[in-house]
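Presented below is the structure to which this report refers.
The values are calculated or read from the model by the stated rules, or taken from the named source; none is laboratory data. As the structure is a prediction and not an experimental result, all values here were calculated from the model. As a convention, Cβ positions derive from the backbone with ideal geometry for all residues, glycine included, and neighbour counts pool all protein chains shown.
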Amino acid sequence: MNLRYRSAAGRWVLLATVLGSSLAFIDATVVNIALPAIGRELDSDAAGLQWTVNGYALSLAALILLGGSLGDRYGRKRIFLLGVGWFAAASLLCGLAPNVELLIAARVLQGVGGALLTPGALAILEASFAREDRSKAIGAWSGLGGIGGALGPFLGGWLVEAGSWRLIFLINVPIAALVLWVAARHVPESRNPAAARRIDLAGVLTGALGLAGLTYGFTAWPMRGVADPVVLGSLAVGVLGLVAFVLVERSIAEPTVPLVIFRNRAFAGANLVTLLAYAANGGIFFLFVVNLQVVAGYSPLAAGLAMLPVTVLMLLLSARSGALAQRIGPRIPMTAGPVVCAAALLLMSRIGPGAAYPTDVLPAVILFGLGLTLLVAPLTATAMGALEDAYAGIASGVNNAVARAAGLLAVAILPLAAGLGNGSLTEATQLQPVYRNAMLICGALMAVGGVLAFLTIPNRLAEHVPPQSFCDPCAPPAQPRKVALRA
């Protein structure tokens, strides 16, 4: 079934995938605005607040590759529905958590649900739409999904100010119910007939162990010191885990991540840019709204509203950005987008006590929104379009895993790199210099991402011959061609 972008059936599929993805996107950002309130109510230190963010990001990043491969094997719609239901149940636990330890545990469970639903949403789009409509559909998905992420701080600020931080989790339950209803009725099933027959447990475990070790080590470093055995041991476990992951994926017959796909220059380049850009984004969305509240004195609602221009720009321009990249090629937008974001971060680094929104905040936010709009849709379309259609689930899983791992490590490392030490994220005098340094580091990451995009992304992606069918489970099995190794 090859849907058209503007058809009624195509709009239902787009609605279901956007709403489902938005659940994960919003929860990746909405909690940031509530961190000061969570810290006060649950009496949590800086490490507890970091783990409230990273508990979700860790399980999401560690298992998102598994989510993509499960969708390829058992059906993307089926795994997507499972993920949405799981996410809703975990969100309910988050909203009822009586202390920060149980909140972190519930956030870890929430990340598992996000890992199941996120790659399925993008793979469903890639498999459902006709090739000539995919860039437009992915552009619309990127824009609307990005809106969900940008709306997170606004929604969180309103809920925290009007009621309680617990509402930011409880509101997921009715939204998830709507997604389940729409997807069950209107989303076609799709799968990869050539998907691996066995689950790569060794790869999943070594990858999760590597991310967990690095995250815990960098988070504990400020409090314990670099020479502490726990810190050194955790970092060593993280490095060894990631090395073991690569060795496992090279040696087994049916890996979660066939390393051969990285021989495709466009795919490898897109994921390198993703690593740098989303590491920067992770730092920005973690510290920006906290800085506005703690240092600049904004209310939670005002801090959340500060990012509203990003939402508007992505709503208006992301689909057009995807269409532009399809017309002129992805290299120019993917080079210009991170550079524009880097300029915006120079302006953001100057936001301090008494910052006026119209003159000190708004110009930086608008510039940042324009940069993201240029970058996100072409980046996603390149990561998905560089490989054969049969590998839509793998491509989506890898790109999402890279993005989530980048954000996860940014939240763990950035406060340390910016000079937080054992200070507090809720004390203005301690946060202000850390925030300024962090924005400059994020700007440098974006700038390097722009340079890498120029060097690695081609003007045009190679054309791939589509398989016979992805969406009709009763159709003859598709016989995907070998992975295209050269863009």
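Need pairs with beta-carbon distance below 7 Å; first residue of a type in the set (A, V, I, L, M, F, W, C) and within the stretch 239-257, second not in a helix (DSSP H, G or I); sequence gap 6+ or separate chains.
If the second residue must be not in a helix (DSSP H, G or I), the pairs left are 252/200.
Among the hydroxyl-bearing types (Ser, Thr, Tyr) and under 30 Å from residue 425 (Cα atoms), is that true of residue 311?
yes
When residues of the stretch 1-22 are filtered for being touching a Phe, Trp or Tyr at 6+ places or on another chain (Cβ under 7 Å), modelled with pLDDT of 60 or more and more than 13 Å from residue 80 (Cα to Cα), how many remain?
2
Out of 287, 345, 316, 305, I need the residue that is in contact with a Cys (Cβ under 8 Å, 6 or more places away or on another chain) and in the same structural domain as residue 445 (by TED's automatic domain parsing). Which one?
345
Which of (1) at pLDDT 80 or above; (2) in contact with a Pro (Cβ under 7 Å, 6 or more places away or on another chain); (3) closer than 19 Å to residue 11 by Cα does residue 80 not meet, given it meets every other one?
Looking at each condition in turn, residue 80 falls short on (2).
Could you run through the stretch 336-363 and say how many residues are among the charged types (D, E, K, R) and part of a loop (DSSP other than H, G, I, E, B)?
The qualifying residues number 1.
Inspect all residues belonging to the stretch 274-282 and state whether any of them is β-branched (Val, Ile, Thr) and closer than 22 Å to residue 450 by Cα.
Checked the stretch 274-282: at least one residue is β-branched (Val, Ile, Thr) and closer than 22 Å to residue 450 by Cα.
In the stretch 374-410, which residue that is of a type outside the set (A, V, I, L, M) and under 17 Å from residue 21 (Cβ atoms) is surrounded by the most Cβ atoms within 10 Å (Cβ to Cβ)?
380
From 143, 139, which residue is out of contact with any Pro (no Cβ under 9 Å at 6 or more places or on another chain), buried (at least 22 other Cβ atoms within 10 Å of the Cβ), assigned by TED's automatic domain parsing to the domain that holds residue 300 and at pLDDT below 70?
After ruling out the rest, the residue left standing is 143.
Consider residue 266 against the criteria (1) under 30 Å from residue 333 (Cα atoms); (2) modelled with pLDDT under 85; (3) in contact with a Pro (Cβ under 8 Å, 6 or more places away or on another chain): it satisfies all of them except one. Which criterion is unmet?
Exception for residue 266: condition (2).
Name every residue in the stretch 11-52 that is closer than 25 Å to residue 224 by Cα and basic (Lys, Arg), in order of residue number.
40
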